[in-house]
Amino acid sequence: MAPRPRQPGDTPAPRGNRPKFVPNTPKGTTFRKPALELFTSTLWEYPSQHYMPDHAGAGGRPTVQGDPNYPGATPSWVIWQLIQRYTKPGERVLDPMCGSGTTLDVCADLAREAKGFDINPTRPDIEPADARKLPLPDACCDLVFVDPPYSTHINYSDQPGCIGKLDAGGRDGGRAYYQAMGAVIAEIDRVLRPGRHAGLYVSDSRREAGEGRTEFMPIGFELFSLLRERFEPVDIVAVVRRNTKLHERGRISRARETNALDRGFNYLFIMRKPPRRAR
Ligand SMILES: C[S@@+](CC[C@H](N)C(=O)[O-])C[C@H]1O[C@@H](n2cnc3c(N)ncnc32)[C@H](O)[C@@H]1O
């Protein structure tokens, strides 16, 4: 079902942090992406998966970051915000689960040095590696961004070691998934410089539990407590998802009938490695 167009008398959209959202671009007109600026609250929203770089198209530069068709690609403006806030030009940004390379393209736009790894690399500038064992020395990165699999919701690849094959729910409460993610977080801690930041982008999920039932998996809070074992919390941001799937008729009726709500936001956990680890 298409979203209902705004009507006179609707509550106005909050101003300030939110770029202008243009839900219904009239036919024959071109949708113009708003300029991307630093957000100032913990609610992040932008009306597109990708921002338009100032020099888009110049010298053959792409107008998108990463691959919009990659399942589970991160909105590039989330990474842009983190890089702008927590690094300077020339500093090194790591994405240990780089997927379609969104982080690498944002780094190129912002003149940061990028390191990208994935268990199943999709392009030559992404190196093959397991995020639990990175071929990097200790304390060599100025910022780490990671958007991991959220349980088994997407079939990324059949590579041995793909954490997207591990269920975050079920009888054992997703022990293998959280053990694997604990090892990823430990590796992020190892390669990050003291005093620098890490961002983990994730959503909760639901799994089929038989007989038409689904079970809620609070992946966000579970990963946040793993992060807290090693890092200081800096902020928790709610990133609004404008996923067109949320408007599919079947999803809407299922949510109405079963109270199994669709995910309307992702968490972005912003953490800092303590400047000097207390022993
Ligand atoms: C949510 S996607 C990342 C999307 C990416 N940020 C982008 O914008 O395209 C999660 C990625 O984790 C990768 N992955 C799964 N297990 C991994 C592991 N053990 N080590 C490294 N990467 C892994 C998957 O191959 C997938 O590309």
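Condition check for L94 on (1) closer than 19 Å to L226 by Cβ; (2) within 10 Å of the ligand (Cβ to nearest atom); (3) surrounded by 17 or more Cβ atoms within 10 Å (Cβ to Cβ): one failure, at (2). Checked against the criteria, D147 counts as within 9 Å of the ligand (Cβ to nearest atom) and in contact (Cβ under 8 Å) with a residue 40 or more places away in the chain.
Here is a list: P194, P274. Which entry is in a strand (DSSP E or B), touching a residue at least 60 places away in the same chain (Cβ under 8 Å) and either out of contact with any strand residue (DSSP E or B) (no Cβ under 8 Å at 6 or more places or on another chain) or more than 19 Å from G72 (Cβ to Cβ) (or both)?
On the way: P274 fails: in a strand (DSSP E or B).
Every option except P194 fails the conditions.
With within 12 Å of the ligand (Cβ to nearest atom) and on the phi < 0 side of the Ramachandran plot as the only criterion, which of P194, P137, P121 stands out? Criteria check complete, one pass: P121.
Test G116 against the criterion of being in a loop (DSSP other than H, G, I, E, B), among the small types (G, A, S) and either farther than 18 Å from L200 by Cα or within 11 Å of the ligand (Cβ to nearest atom) (or both), and give yes or no. Give the derivation first.
Numbers: in a loop (DSSP other than H, G, I, E, B): no; among the small types (G, A, S): yes; either farther than 18 Å from L200 by Cα or within 11 Å of the ligand (Cβ to nearest atom) (or both): yes.
So G116 fails the test.
Go over the candidates D189, D204 one by one and state the one that is charged (D, E, K, R), more than 21 Å from P274 (Cα to Cα), under 21 Å from the mean Cα position of the chain (by Cα) and surrounded by 13 or more Cβ atoms within 10 Å (Cβ to Cβ). From the options D189, D204, the qualifying one is D204. Of the numbered criteria (1) buried (at least 16 other Cβ atoms within 10 Å of the Cβ); (2) out of contact with any His (no Cβ under 7 Å at 6 or more places or on another chain); (3) of a type in the set (K, R), the one R256 fails is (1).
Is it fair to say G220 is out of contact with any helix residue (DSSP H, G or I) (no Cβ under 8 Å at 6 or more places or on another chain), under 28 Å from A114 (Cβ atoms) and not in a loop (DSSP other than H, G, I, E, B)? Yes. Annotation: R18 fulfils all but one of (1) surrounded by 17 or more Cβ atoms within 10 Å (Cβ to Cβ); (2) in a loop (DSSP other than H, G, I, E, B); (3) modelled with pLDDT of 95 or more; the unmet one is (3).
The values are calculated or read from the model by the stated rules, or taken from the named source; none is laboratory data. As the structure is a prediction and not an experimental result, all values here were calculated from the model. So basically every Cβ, Gly included, is an ideal-geometry build from the backbone, and we count neighbours across all protein chains shown.
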